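Working notes, structure below.
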There are 2 protein chains.
Amino acid sequence: MMQVPILLDRRARVPLHRQIYDRWREGILSGRFAAGTRVPSTRDLAAMLSVARATVTTAYDQLTAEGYLESAHGSGTFVSRALPDQPATRIRVAADPEHPPRVRLSRFAARLEAAYSRPDPDHATATIDLSKHSPDVDQFPLRAWRRLILRHVKAIASPGWDAADRGAGHEGLRREIAAYVRRARAVRCEPSQVVVVNGSQQALDLCARVLIDAGDVAAIEDPCYPGARQLFAAHGARLHPVPVERDGIAVSRLPERARLVFVTPSHQLPTGVSMSLAKRLALLAWARERGVVVIEDDYDSEYRYGGEPVPALQGLSDAASVVYVGTFSNVMFPGLRIGYLVAPPALVEPITSARWHADRRSAVLEQAALADFLREGHFERHVRRMRRLYGRRRDVLTSALTEVLGDEVSISCDGVGMFVVVRFSSERVAARARRQGVRLNSTARYYLGEAPPHEYVLRFSGVGERTLREGVRRLAAVR
Amino acid sequence: MMQVPILLDRRARVPLHRQIYDRWREGILSGRFAAGTRVPSTRDLAAMLSVARATVTTAYDQLTAEGYLESAHGSGTFVSRALPDQPATRIRVAADPEHPPRVRLSRFAARLEAAYSRPDPDHATATIDLSKHSPDVDQFPLRAWRRLILRHVKAIASPGWDAADRGAGHEGLRREIAAYVRRARAVRCEPSQVVVVNGSQQALDLCARVLIDAGDVAAIEDPCYPGARQLFAAHGARLHPVPVERDGIAVSRLPERARLVFVTPSHQLPTGVSMSLAKRLALLAWARERGVVVIEDDYDSEYRYGGEPVPALQGLSDAASVVYVGTFSNVMFPGLRIGYLVAPPALVEPITSARWHADRRSAVLEQAALADFLREGHFERHVRRMRRLYGRRRDVLTSALTEVLGDEVSISCDGVGMFVVVRFSSERVAARARRQGVRLNSTARYYLGEAPPHEYVLRFSGVGERTLREGVRRLAAVR
């Protein structure tokens with residue numbers, strides 16, 4: 001019989017049977033106890049360790065169940081004979097922290113690594129943040145939302161919660177989304193064309209999956225939201241950047257062939273321009289002739305301060321294939337991971353199937369609550385309230401900029417959305433911002449081509465009027 | 001001046017200015033009103049239609065803002081000259097429902113379509129469902145969950161909700177998951193290796209993204225969960241099926257080269273076997289030698305009715321690369337879209353980056369509530385309660401089967417998990433089930449190779465004891 005160097009710690013929180021189990025397991029895996037070695041009987045080991053025999057029996061039962069030990073009827077218990085003889089093939093021994101296992105990554109991972117320009121680290125000293133794309137979460141009608149969450153928290157743990165989902169999303173929410181985008185955005189669709197996703201990023205990813213093969217051309221606006229550009233590049237698309245003019249993408253400079261074109265007609269990020277009707281029609285005609293899918297990210301479309309928002313591109317199109325992409329996080333709160341896409345009928349099945357295999361479905365509780373939030377009118381009421389609030393903040397920001405900076409700033413005033421674009425006369429203004437703890441978002445990382453100098457996106461939606469004034473005041477040359 | 005055939009419906013819920021807008025928009029898009037045509041003044045049109053002039057002005061302002069009309073100072077308002085001349089390039093006209101735009105799909109979409117064997121349609125007549133993989137949601141501690149949801153519903157709409165996420169998940173939840181899998185599954189990990197995902201399917205998808213290029217070999221168990229097999233196939237993997245023996249995957253029949261191997265060591269679906277220790281070690285040695293990543297889906301591991309669950313494969317490995325995949329939906333309720341993976345250090349960055357570009361993050365509210373649910377011990381208490389309940393149900397099911405069907409059934413009794421596997425002596429038993437409204441899940445669609453005849457997975461976890469007895473009674477030859 002072997003010597004059994006088992007030390008028990010009677011004051012530890014780990015039960016004694018577990019300690020016995022752990023010591024045996026380690027001894028066997030390390031190769032110290034060879035396969036086929038006889039181990040002490042439960043009675044003998046209990047005596048050696050001064051513990052109850054049942055304690056040892058519990059440990060042995062578990063070790064036997066897991067294949068470390070085996071008992072031969074009548075002749076005792078042994079280290080399992082089925083274990084590899086060579087300690088080298090018992091894994092832990094072979095561990096070598098200096099040489100972790102080599103893993104070859106996919107081309108997708110390599111392309112993503114190459115394309116992914118990580119955002120600047122936070123300015124730890126920034127006390128006023130004009131860089132964050134966020135609604136004013138303090139204004140969110142939290143009581144109504146809380147009530148709806150409570151209404152549904154019970155239902156998600158009931159049978160039937162997943163009725164008719166299969167990758168497309170909560171049935172009631174799809175109906176409400178279809179009604180909302182028809183009403184508010186003049187999108188032409190049936191509920192069957194709506195796919196609920198985890199925010200607009202997933203909509204883009206699903207489009208890329210079902211449309212892009214490595215080497216295909218994806219036309220993008222330049223400048224363009226990096227999250228979209230990086231994603232298409234990771235999927236192997238050859239990016240064809242198209243300049244953005246005063247009235248939107250330069251249609252005459254679109255490529256001869258492409259699989260998709262990605263546009264943000266309502267409020268282009270970061271230029272802030274809206275695409276003109278003439279360009280919308282020309283873009284759709286170009287796409288239709290070539291069988292190109294247009295992805296319309298209706299980013300930042302809810303707020304137009306001088307009237308109704310301009311309707312979606314999608315609503316102009318009967319004959320071109322447009323995937324319309326929207327999100328609720330920009331209006332409600334960013335922790336809500338629910339967006340949607342409206343697919344042309346031919347793409348509904350491929351996209352829902354890709355979604356089903358990617359991650360099944362979005363969080364059910366929020367989907368159910370959001371359906372009611374839309375149906376009961378909370379969403380559109382909130383949009384109307386925020387339009388007034390953000391309109392004032394926008395005015396405060398732009399007049400303060402003009403007043404404080406004078407000739408040092410020019411502002412692109414488009415009357416839409418949750419940000420304005422400014423160009424400073426020199427890098428001095430941004431340098432003062434850094435020194436004074438005001439965080440600004442340069443447009444440089446949006447451009448593939450050369451970025452205009454000293455250009456910044458200023459986001460005002462999540463910042464109160466007083467803070468906006470103070471932030472601008474800090475940009476002044478002399479204080 | 002043109003004739004303006006605008007008919008207003010004064011009893012409609014659509015405001016009059018909107019009706020005027022809609023009619024003009026349609027007329028212009030259809031090409032009926034050519035570019036450059038002068039339109040009536042607001043005063044004239046208001047008189048023609050007998051509406052207030054402000055109503056027409058509102059409509060004209062919107063039409064002008066959207067680019068349908070333009071006004072030349074002093075000379076009136078015109079259909080925008082920038083619009084394409086040819087009605088053919090105005091999109092709606094070109095619509096041809098007989099010939100929807102052709103869209104070429106990606107190879108991913110084509111492969112998915114080829115691989116995706118849709119599940120059988122529901123038996124509309126089934127009144128007893130033994131096919132559904134679901135916990136008993138009636139037993140879920142809904143009051144505790146509801147309290148935690150309420151605790152956090154406010155926090156999600158506050159700044160800072162997204163601290164340190166960047167694709168990896170809620171920081172507190174990652175800590176709790178790391179502590180849980182160390183404690184309950186003997187997984188060796190730090191919180192930094194945990195990535196929160198939307199259920200285990202997303203974990204598999206992320207692994208496929210960062211590991212598989214088209215043509216790479218993915219070794220899978222045969223039989224295997226179709227959702228995994230189809231996904232790897234869609235990513236372009238060449239599937240290498242490896243038979244499952246009584247003690248797990250046939251290690252000697254693994255391929256010479258592969259990028260990954262997908263296994264379910266705790267409770268293989270649908271055979272129900274657990275992988276022996278000897279095979280676990282041999283599998284890890286095989287993988288380590290070749291740099292193959294092992295994906296361990298720790299599916300259905302929580303319940304072992306005769307003792308502690310067998311620890312995870314991952315905990316045996318220092319030197320091989322194992323991605324450990326787990327989910328909470330199987331224990332809590334399926335509408336909860338939260339799972340996790342534990343990645344080897346070298347894969348953490350590629351996987352979180354792929355996650356960030358796929359869909360950013362999981363629902364924040366449930367992540368925060370789940371962190372507390374784990375921390376306060378609710379989860380493990382629930383597992384313990386369910387282990388007793390499901391253990392009884394399992395006994396009820398298996399003894400009823402033996403009693404009622406006798407020689408017509410053989411049952412694989414493994415003492416683990418939320419299902420048992422049975423083989424009937426002929427197809428007659430399943431035919432009786434169909435006739436009597438009892439839904440069973442054939443194992444046929446799990447097999448790539450030939451499936452054993454008359455084999456079924458019976459799921460008992462979501463079905464009460466009385467219903468289990470009644471379901472089995474209906475399988476009897478003579479009633």
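Here are some notes:
- Taken together, the residues in the range A:186-201 that are more than 12 Å from chain B (Cβ to nearest Cβ) and touching a Gly at 6+ places or on another chain (Cβ under 8 Å) amount to 3.
- Going through (1) facing chain B (nearest Cβ under 7 Å); (2) within 24 Å of B:Arg361 (Cβ to Cβ); (3) open to solvent by 10 Å² or more (accessible area, probe 1.4 Å) one by one, A:Val310 falls short only on (2).
- Scanning the range B:218-230 for residues that are within 13 Å of another protein chain (Cβ to nearest Cβ), in contact (Cβ under 8 Å) with a residue 60 or more places away in the chain and either in a loop (DSSP other than H, G, I, E, B) or small (Gly, Ala, Ser) (or both) gives B:Tyr225, B:Ala228.
- Test: residue in the range B:447-468 that is in a helix (DSSP H, G or I), among the small types (Gly, Ala, Ser) and over 17 Å from B:Asp136 (Cβ atoms): no
- Residues in the range B:231-248 that are open to solvent by 10 Å² or more (accessible area, probe 1.4 Å) and part of a helix (DSSP H, G or I): 1 in all.
- So A:Ile220, is it crowded, with 24+ Cβ neighbours inside 10 Å, of a type in the set (Val, Ile, Thr) and more than 24 Å from B:Ala109 (Cβ to Cβ): no
- Odd one out for A:Arg183, checked against (1) more than 7 Å from every other protein chain (Cβ to nearest Cβ); (2) in contact with a Phe, Trp or Tyr (Cβ under 7 Å, 6 or more places away or on another chain); (3) part of a helix (DSSP H, G or I); (4) of a type outside the set (Asp, Glu): (2)
- In the range B:395-420, residue most open to solvent (accessible area, probe 1.4 Å) [restricted to those that are assigned to a helix (DSSP H, G or I) and either closer than 24 Å to A:Ala65 by Cα or touching a Cys at 6+ places or on another chain (Cβ under 8 Å) (or both)]: B:Asp395
- Per-region count, the range B:3-34, residues open to solvent by less than 30 Å² (accessible area, probe 1.4 Å) and under 15 Å from B:Val79 (Cβ atoms): 11
- Hey, B:Val364 of a type in the set (Val, Ile, Thr), at pLDDT 95 or above and within 19 Å of the chain's Cα centre (by Cα) or not: no
- Residue match in the range B:249-261 (condition: under 29 Å from A:Ala214 (Cβ atoms) and in a strand (DSSP E or B)): yes
- Check on B:Arg392, open to solvent by 10 Å² or more (accessible area, probe 1.4 Å), of a type outside the set (Val, Ile, Thr), in a loop (DSSP other than H, G, I, E, B) and touching a residue at least 40 places away in the same chain (Cβ under 8 Å): no
- Failed condition for A:Arg361, given (1) assigned to a helix (DSSP H, G or I); (2) open to solvent by 10 Å² or more (accessible area, probe 1.4 Å); (3) not aromatic (Phe, Trp, Tyr): (1)
- One residue stands out among those in the range A:325-352 that are at the interface with another protein chain (Cβ under 9 Å from one of its Cβ atoms) and open to solvent by 10 Å² or more (accessible area, probe 1.4 Å): the one that is farthest from A:Arg183 (Cα to Cα), which is A:Pro350.
- Only one of the numbered conditions (1) of a type in the set (Val, Ile, Thr); (2) more than 26 Å from A:Arg209 (Cβ to Cβ); (3) free of Cβ contacts under 8 Å to residues at least 40 places away in the same chain is violated by B:Val294, and that is (2).
- Residue that is touching a residue at least 60 places away in the same chain (Cβ under 8 Å), open to solvent by 10 Å² or more (accessible area, probe 1.4 Å) and facing chain B (nearest Cβ under 10 Å), where the choices are A:Arg304, A:Arg259, A:Arg288: A:Arg304
- Options A:Ala59, A:Ala82: the member that is within 11 Å of another protein chain (Cβ to nearest Cβ) and either closer than 25 Å to B:Ala287 by Cβ or at pLDDT below 85 (or both): A:Ala82
- For B:Thr64, the stated conditions hold: it is within 13 Å of chain A (Cβ to nearest Cβ) and polar (S, T, N, Q).
- Among the residues of the range B:262-285, those that are more than 8 Å from chain A (Cβ to nearest Cβ) and either closer than 24 Å to B:Leu440 by Cβ or open to solvent by 20 Å² or more (accessible area, probe 1.4 Å) (or both) comprise B:Thr264, B:Ser266, B:His267, B:Gln268, B:Leu269, B:Pro270, B:Thr271, B:Gly272, B:Val273, B:Ser274, B:Lys279.
- Qualifying residue in the range B:446-454 (condition: within 18 Å of B:Lys132 (Cα to Cα) and either open to solvent by 20 Å² or more (accessible area, probe 1.4 Å) or over 23 Å from the mean Cα position of the chain (by Cα) (or both)): no
- Residue match in the range A:317-324 (condition: under 25 Å from B:Ala59 (Cβ atoms), touching a helix residue (DSSP H, G or I) at 6+ places or on another chain (Cβ under 8 Å), open to solvent by less than 20 Å² (accessible area, probe 1.4 Å) and not in a strand (DSSP E or B)): yes
- Test set (1) assigned to a helix (DSSP H, G or I); (2) more than 10 Å from chain B (Cβ to nearest Cβ); (3) in contact (Cβ under 8 Å) with a residue 12 or more places away in the chain - A:Gly215 fails condition number: (1)
The values are calculated or read from the model by the stated rules, or taken from the named source; none is laboratory data. No experiment lies behind these values; they were computed from the predicted model shown. No Cβ is skipped: glycine too gets one built from the backbone with ideal geometry, and neighbour counts run over all protein chains shown. Heavy atoms of the whole protein, side chains included, go into the accessibility calculation; ligands, DNA and RNA do not. Shrake-Rupley method; radii C 1.70, N 1.55, O 1.52, S 1.80 Å.
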